[in-house]
Amino acid sequence: MAATNGCIGQVETLSGSTGPDFKGGHNVNLHAKHGFGNAHENVVGSVGLSGNTRGGPATGSLGVDYNRGLNSAGVFGSHTPGQQNTIGAQGNLNLFNNKRDRLDLSGSVSKTHTPTNEMHKFGTGVQFNDHGASFSKTYIPGVGSQTRLDGAANLFKTDSNRLDGNAFKTFNKPINGPSFGSHGAGLDWNHARGHGTSVGFDRTPALRETNVFATGKANLWQNRGSSLDAFGSVNKSLAGPNRGKSNFGAGVGFSHRF
């Protein structure tokens, strides 16, 4: 966070992006942050707004985080008129840190209301340097639950490039129906100048469904406080109910740091 004399708060970033939606129209996203404090202890608030040019309700989001050293705690929420409301809290606890190694424990909890049901979710995770693992569970009364395990590991890192691998496994348990699961894995490459790409797959054996995806981001222009980026995505179903179907997405995003 930028600050004057280590204590004056100011707006950190203002960003926006737009891109076509395969269902029609263009998705538009706006996001802003405002912070108070210094590099060691600060409070950061954020607001966001997203919608589609074709119409329909827009989604607003709000978050407040308190940071002290490597520890943090915060609350967040979002609202889509007539569709859903979400409130939650999250935090990070640094257990160990020196010049070489760092160990953190994180947790989150949230509740989402929709016109037809209520969804409860909680999760916890541990991160050691550039490697991590997490566990989360989502429960919808009268419908069922999902348990998810995630893992990530850094495979290669230099001053300008890094390559990370990730994998997940889910266990779905409907109240009125047989249990089933999904799994998947992927690779993420990122460059210090703002370029990056991700590739991966997911599979649901019970549905005989297999999907593959790829996303990319390229920095088109940047100076000390601003950045213009282009991004794109494609996913394709190789097997299952949607076999042969593909979705494409592309857009541009701009951010400015004050």
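The values are calculated or read from the model by the stated rules, or taken from the named source; none is laboratory data. The structure presented is a predicted model; accordingly, all values stated were derived computationally and were not measured. Ideal geometry is used to build each Cβ from the backbone, glycine not excepted, and the neighbour counts take in all protein chains shown. All accessible areas refer to the heavy atoms of the entire protein, side chains included, with ligands and DNA or RNA removed. Shrake-Rupley method; radii C 1.70, N 1.55, O 1.52, S 1.80 Å.
When the Cα atoms of region 191-258 are aligned to their principal axes, the ranges along those axes come out at 50, 19, 17 Å in descending order. Restricting region 48-99 to trypsin sites (Lys or Arg not before Pro) that sit in a DSSP loop and have at most 16 other Cβ atoms within 10 Å of their own Cβ leaves 54, 99. Here the chain exposes an accessible surface that is 60 percent carbon and sulfur, computed with a 1.4 Å probe and the other protein chains kept in place. Annotation for region 192-233: chymotrypsin sites (Phe, Trp or Tyr not before Pro) lying in DSSP loop with at most 12 further Cβ atoms inside 10 Å of their Cβ do not exist.
Across the alpha-carbon set of the chain, the Rg to Rh ratio works out to 0.96, Rh being the Kirkwood radius. Too long at a 27 Å Cα-Cα cut-off: which of 99/121; 23/137; 121/157; 33/217; 169/245? The answer is 99/121; 23/137; 121/157.
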